[in-house]
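Enquirer: Handing you a structure now.
The values are calculated or read from the model by the stated rules, or taken from the named source; none is laboratory data. Small disclaimer: the values here were computed from a predicted structure and weren't measured. When we count neighbours, we look across all protein chains shown, and the Cβ atoms used for this are built from the backbone with ideal geometry, even at glycine. In case anyone asks, the SASA skips ligands and DNA or RNA and just uses the protein heavy atoms, side chains included. Shrake-Rupley method; radii C 1.70, N 1.55, O 1.52, S 1.80 Å.
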Amino acid sequence: MELNAKYNPSEVEDKWYAYWLKNRCFHSEPDSREPYTVVIPPPNVTGILHMGHVLNNTLNDVLVRKARMDGKNACWVPGTDHASIATESKVVAKLKAQGISKEDLTREEFLKHAWEWKEEHGGIILNQLRKLGASCDWDRTRFTMEPELSDAVISTFCHFYKKGLIYRGVRMVNWDPVGLTAVSDEEVIHKDTKSHFYHLRYYISDGKGKASDKYLVIATTRPETIMADAAICVNPADERHHWLKGKKVIIPLINREIPVIEDDYVEMDFGTGCLKVTPAHDAHDYEIGLRHNLPVLDIIDDHGRLNEKAQILVGEDRFEARKKIVKMLQDAGNLEKIEEYTSPVGYSERTDAVIEPKLSAQWFLKMDALAARALDSVESGEVKLIPDKYRNTYRHWMENVHDWCISRQLWWGQRIPAYYLPDGQVVVEETPQKALEAAQKINPAYTAASLRQDEDVLDTWFSSWLWPISVFDPAHPGHPGHRPNADLSYYYPTNDLVTGPDILFFWVARMIMAGNEFMDRKPFGNVYLTGIVRDKLGRKMSKTLGNSPDPLELIKKYGADAVRLGMLLCSSAGNDILYDESMIEQGRNFCGKIWNSWRLVSGWSVCDAVKQPSEARAAVKWFDNKLSKTIETVQDHYSKFRISDALMAVYKLFWDDYCSWYLEIVKPAYGQDMDSATYDATVDFFEKLLKLIHPIMPFITEELWHSISPRKEGQTIMFERSPKAGPYRQDFLDAFELAREVVIGVRGVRAQKQISPREALRLFIDGEVSPEVLPVIVKLGNVSSIETGAAGGQAASFIVGTLKCSVPLKGFVDTAEEKAKLESELEYQRKFLAGVRAKLGNVNFVSHAPEAVVATERKKESDALARIEAIGEALKALEQ
RNA sequence: GGGAGCUUAGCUCAGUUGGUUUAGAGCGUCUGCCUUACAAGCAGAGGGUCGGGGGUUCGACUCCCUCAGCUCCCACCA
């Protein structure tokens, strides 16, 4: 096959991806082989590919392709997540742009729009993953809200309800006034936010509801909530405030009377020591309210606006109201002072709205028992977190977990299967039919019309925690007595999970809980937590900063293989990645290198009459050993999830060892034929290298593998076996390494003296070199002869290990310069020797240190002595 | 406020139970090369007292303490 002078990734990539699909290379069915299973962290159904996905899915694909080539039955299940709040807010925004308000629609109408949106935009991201080369089993593509998976979610709810772990209650929850839903604690992000501390005067009541001239001062960050105040609270031990005992104070502006109460909760040395208690709008205040039987007055509506109970500023947004009420308080003489103040404020993860603590009825899942078991799964090592520093974080979270608020006031998602009866009772059943049956057991007169289903849907994570189970057997979760189907029995538990640490609790921990609950075992063995992709300056990638490159553009420009390699280059687990396009350039350059090396090799002509040159024989033997050793290293890296190390080892093996050394040695002179032994070995090495690289760069390796020799239709490098490491001779590798260093020394002399590489030089070596590798020095050093001993007269010399090498160079050598160089080297060696001898002279060292260490020091000593002697001789020779 | 982690060459990072490492890699930098696979390349070179200080040890990048800086997670001082 004729090769283009340049590698053209886009042509090649589309061709092979189509080929793989056509031959169903990614599809897996249970068989007798060992399974290797991975489920994709399902991206949002309407999402588009960003660099984080690229990193994650590249890693996933490398692991999957590697496992496949190791002979395992690899199965990577793709799919998408319905992402209830994210998708719903997108649909709401789209409708708004069309002049349609969600409130004007019925639930059914809205869902119709949402499904339309999903059909239109859903799954784009899965097509984008194909561009990256992801070898997902597309026949198994799942969606968390497809009917079967939704059914699984509903039965899961029923399962936990009947187990008594799910309850409904009025609690202080995190309310998102933009998303118009409650969110879980995990979906609240606390950010330090600059605000003000307002010191307000509350006048003491004269007992007749009128203000006296005495007052106390409270400090608050939320003056707009004073209308909802239920009390003023002080610490009972605070003597400054004893005079307030039993008094009542007047809320400014609205002149409502509230009591002064005492509670230990109040810190004496914070603020003024007086706390305004607003049970409806602060979680602690709510607790205090419960203890003291205070009324709850909710003055903020779902949108974050003051309602009519506030009496004043009705209809104003909470932040507008804050500004206005400050002015009003000032005018009324109640504002004592304003301080600058920075405090943590909770924001909604999805909408970035400031979270409003709000009292409402929600569904919760009890977490204690689930968390305890999930903690054990990690502590016992059943599930490994990589890197393991996340174990600490994980433990901390699991030991301090709160009940999970699982209801959302949204429509896009699985609707809670709770049905309210006219008598106030509630039945929880998987279907309306079953619910009716249950209801009729309570009262046979009930009809379908008597049942009112809960309006809320479930948190997205309440469906995605089933993912590793439900993608294989959707009916399974929550069904007592249900036997796992063939797929689930074979593929579960999955092997590795690659995901970001940001969803360790949202998703990973909860999958472990669900796995334990429904399968009685872990959902995966290893969790590889990637870093977050940041820009060169360490900033998170975001649309507003415009620092987030479009992966598809990059793939178009550099090729998918280049993008994959670029991302992996700096992907040590858990470390954030500072993305820079130059990494992808490096990937592209590597593609070019691979391509060109095959152009060279494939262009050689072979003649059986040619005998194998001695340097080629040495090179073949050396590379064979080197290959084995490197494969061993690479396997070790993979087994420890050190993907970038594995990649770098392969990269250097190909570029440095194979191209720069091996090919340069065996390369025949221009126009000359090559012997067949060397040629066959060279091609064999090349093919093995392609197989080693394939998991990382699937496209170019497939292309060239087909170029090596014609393959049958359907054959692919994907199913070739990973090259195995054979035994290798370290002593031979060392001997070759010595020769390599001699060559570098000779080249160094040329560079320094500006002697053309074409001019052959004589080389003197004083010391022992394996005769096998001498021809290598001759060829790559362009040496006319290698003689033993030292070059007399003017010569450039260098030391390799304990070898003294010299190149006679009449007329090229500046004696003084050469002498200075040698002398500085001599001084360095003497210092080094002194250091070693000091160590060896220390009785404690010799008696305490292990023998091997002492032996090493002795070797260092003798080597240094040899070098010093060699340098001395070189100096002597210079003086002649 | 609590917890975890990080600080090694210009940049990004390795350094695996303290001694075969007189501290490594990739990229970048510098010098010389259009050498008939590749200038997206080839050859060569320079570059770090391992954040500061103290300690343990025969021996510390590696263990302990302390200080400084950075990052992340958790958290209800209004």
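Enquirer: Hey, could you check segment A:639-697 for residues that are of a type in the set (Lys, Arg) and assigned to a helix (DSSP H, G or I) and say which is nearest to A:Asn60 (Cα to Cα)?
Expert: Only one residue fits best here, namely A:Lys691.
Enquirer: Take segment A:65-94 and flag every residue that is in contact with a Lys or Arg (Cβ under 8 Å, 6 or more places away or on another chain), of a type outside the set (S, T, N, Q) and in a helix (DSSP H, G or I).
Expert: Within segment A:65-94, A:Met69, A:Ile85, A:Ala86, A:Val92 qualify.
Enquirer: Still on this structure, I have one more. Going by the conditions given, is A:Gly315 more than 15 Å from RNA strand B (Cβ to nearest atom), within 28 Å of the chain's Cα centre (by Cα) and either assigned to a loop (DSSP other than H, G, I, E, B) or not polar (S, T, N, Q) (or both)?
Expert: No, not satisfied.
Enquirer: In this structure, does A:Glu615 turn out to be assigned to a helix (DSSP H, G or I), acidic (Asp, Glu), touching a residue at least 12 places away in the same chain (Cβ under 8 Å) and open to solvent by 60 Å² or more (accessible area, probe 1.4 Å)?
Expert: Here the answer is no, as A:Glu615 does not meet what is asked.
Enquirer: Out of curiosity, is A:Asp229 open to solvent by less than 10 Å² (accessible area, probe 1.4 Å), among the acidic types (Asp, Glu), modelled with pLDDT of 95 or more and within 16 Å of RNA strand B (Cβ to nearest atom)?
Expert: yes
Enquirer: Sticking with this one: Quick check: anything in segment A:491-500 small (Gly, Ala, Ser) and either at pLDDT 95 or above or surrounded by fewer than 17 Cβ atoms within 10 Å (Cβ to Cβ) (or both)?
Expert: There is no residue in segment A:491-500 that is small (Gly, Ala, Ser) and either at pLDDT 95 or above or surrounded by fewer than 17 Cβ atoms within 10 Å (Cβ to Cβ) (or both).
Enquirer: Going residue by residue through segment A:284-305, is there one that turns out to be near RNA strand B (Cβ under 10 Å from one of its atoms) and open to solvent by 50 Å² or more (accessible area, probe 1.4 Å)?
Expert: Checked segment A:284-305: at least one residue is near RNA strand B (Cβ under 10 Å from one of its atoms) and open to solvent by 50 Å² or more (accessible area, probe 1.4 Å).
Enquirer: If A:Ser135 passes every condition in (1) within 13 Å of RNA strand B (Cβ to nearest atom); (2) of a type in the set (Gly, Ala, Ser); (3) crowded, with 17+ Cβ neighbours inside 10 Å but one, which one does it miss?
Expert: Condition (1) is where A:Ser135 drops out.
Enquirer: Inspect all residues belonging to segment A:418-433 and state whether any of them is open to solvent by less than 50 Å² (accessible area, probe 1.4 Å) and of a type in the set (Ser, Thr, Tyr).
Expert: Yes, segment A:418-433 has at least one match.
Enquirer: So, restricting to helices (runs of 4 or more DSSP H) that lie completely within segment A:761-880, which ones have at least 1 residues that are open to solvent by 70 Å² or more (accessible area, probe 1.4 Å), within 12 Å of RNA strand B (Cβ to nearest atom) and not polar (S, T, N, Q)?
Expert: The qualifying helices (runs of 4 or more DSSP H) are A:815-841, A:843-848, A:851-879.
Enquirer: Given A:Gly52, A:Gly47, which one is at pLDDT below 95 and in a helix (DSSP H, G or I)?
Expert: One residue alone meets the criteria, A:Gly52.
Enquirer: I would also like to ask the following. If a residue has to be over 30 Å from A:Asp502 (Cα atoms) and more than 12 Å from RNA strand B (Cβ to nearest atom) to count, how many in segment A:177-223 make the cut?
Expert: The number of residues fulfilling the criteria is 15.
Enquirer: Could you say whether any residue in segment A:440-456 is in a helix (DSSP H, G or I), on the phi < 0 side of the Ramachandran plot and open to solvent by less than 50 Å² (accessible area, probe 1.4 Å)?
Expert: The answer is yes; a qualifying residue exists.
Enquirer: Give the residues of segment A:785-818 that are closer than 17 Å to A:Gln754 by Cβ and among the β-branched types (Val, Ile, Thr), sorted by residue number.
Expert: A:Val807, A:Val813
Enquirer: Yes or no: A:Glu239 out of contact with any strand residue (DSSP E or B) (no Cβ under 6 Å at 6 or more places or on another chain), within 10 Å of RNA strand B (Cβ to nearest atom) and over 21 Å from A:Lys323 (Cβ atoms)?
Expert: So A:Glu239 does not fit the description; no.
Enquirer: Hey, another quick one. Which pairs do you get when a residue that is among the aliphatic types (A, V, I, L, M), found in segment A:395-409, comes within reach of a residue that is near RNA strand B (Cβ under 9 Å from one of its atoms), reach meaning Cβ atoms under 7 angstrom, with the pair 6+ apart or on two chains?
Expert: none
Enquirer: For the condition under 30 Å from A:Pro387 (Cα atoms), within 10 Å of RNA strand B (Cβ to nearest atom), open to solvent by 20 Å² or more (accessible area, probe 1.4 Å) and at pLDDT 95 or above, what is the one hit in A:Arg599, A:Arg588?
Expert: Among A:Arg599, A:Arg588, only A:Arg588 is under 30 Å from A:Pro387 (Cα atoms), within 10 Å of RNA strand B (Cβ to nearest atom), open to solvent by 20 Å² or more (accessible area, probe 1.4 Å) and at pLDDT 95 or above.
Enquirer: Something else now. Could you say whether any residue in segment A:720-734 is under 39 Å from the mean Cα position of the chain (by Cα), under 26 Å from A:Asp61 (Cβ atoms) and open to solvent by 60 Å² or more (accessible area, probe 1.4 Å)?
Expert: yes
Enquirer: A further question on this structure: Of the numbered conditions (1) touching a helix residue (DSSP H, G or I) at 6+ places or on another chain (Cβ under 9 Å); (2) assigned to a loop (DSSP other than H, G, I, E, B); (3) open to solvent by 60 Å² or more (accessible area, probe 1.4 Å); (4) within 16 Å of RNA strand B (Cβ to nearest atom), A:Val401 satisfies every one except a single condition; which is it?
Expert: Among (1) touching a helix residue (DSSP H, G or I) at 6+ places or on another chain (Cβ under 9 Å); (2) assigned to a loop (DSSP other than H, G, I, E, B); (3) open to solvent by 60 Å² or more (accessible area, probe 1.4 Å); (4) within 16 Å of RNA strand B (Cβ to nearest atom), the lone unmet condition for A:Val401 is (3).
Enquirer: Across segment A:329-341, what is the number of residues that are more than 9 Å from RNA strand B (Cβ to nearest atom) and closer than 18 Å to A:Phe270 by Cα?
Expert: Residues that pass the stated criteria total 5.
Enquirer: Examine segment A:330-348 for a residue that is under 18 Å from A:His402 (Cβ atoms) and open to solvent by 20 Å² or more (accessible area, probe 1.4 Å), and state whether such a residue exists.
Expert: Yes: segment A:330-348 contains one or more residues that are under 18 Å from A:His402 (Cβ atoms) and open to solvent by 20 Å² or more (accessible area, probe 1.4 Å).
Enquirer: Among (1) hydrophobic (A, V, I, L, M, F, W, C); (2) free of Cβ contacts under 8 Å to residues at least 40 places away in the same chain; (3) within 16 Å of RNA strand B (Cβ to nearest atom), where does A:Leu488 come up short?
Expert: Here A:Leu488 meets the rest and fails (3).
Enquirer: Can you pull out the residues in segment A:234-257 that are among the β-branched types (Val, Ile, Thr), surrounded by 16 or more Cβ atoms within 10 Å (Cβ to Cβ) and within 17 Å of A:Lys210 (Cβ to Cβ)?
Expert: Matches in segment A:234-257: A:Val249, A:Ile250, A:Ile251.
Enquirer: Could you check, for segment A:550-563, whether at least one of its residues is more than 34 Å from the chain's Cα centre (by Cα), under 26 Å from A:Leu690 (Cα atoms), of a type in the set (Phe, Trp, Tyr) and modelled with pLDDT of 95 or more?
Expert: Looking for residues that are more than 34 Å from the chain's Cα centre (by Cα), under 26 Å from A:Leu690 (Cα atoms), of a type in the set (Phe, Trp, Tyr) and modelled with pLDDT of 95 or more, one finds none in segment A:550-563, hence no.
Enquirer: Can you report the number of residues in segment A:716-760 which are farther than 30 Å from A:Lys66 by Cα, assigned to a loop (DSSP other than H, G, I, E, B) and of a type in the set (Gly, Ala, Ser)?
Expert: 2
Enquirer: Give me the pairs, please: first residue somewhere in segment A:527-546 and in contact (Cβ under 8 Å) with a residue 24 or more places away in the chain and part of a loop (DSSP other than H, G, I, E, B), second residue anywhere and away from RNA strand B (no atom under 13 Å from the Cβ) and hydroxyl-bearing (Ser, Thr, Tyr), beta-carbon distance under 9 Å, and either six or more positions apart or on two chains.
Expert: A:Thr530/A:Thr499; A:Asp535/A:Ser548; A:Met541/A:Ser548
Enquirer: Any idea which of A:Ser377, A:Ser407 is under 20 Å from A:Ile166 (Cα atoms), of a type in the set (Ser, Thr, Tyr) and open to solvent by less than 60 Å² (accessible area, probe 1.4 Å)?
Expert: Testing whether each residue is under 20 Å from A:Ile166 (Cα atoms), of a type in the set (Ser, Thr, Tyr) and open to solvent by less than 60 Å² (accessible area, probe 1.4 Å) leaves just A:Ser407.
Enquirer: Does segment A:621-630 contain at least one residue that is in a helix (DSSP H, G or I), polar (S, T, N, Q) and open to solvent by 50 Å² or more (accessible area, probe 1.4 Å)?
Expert: no
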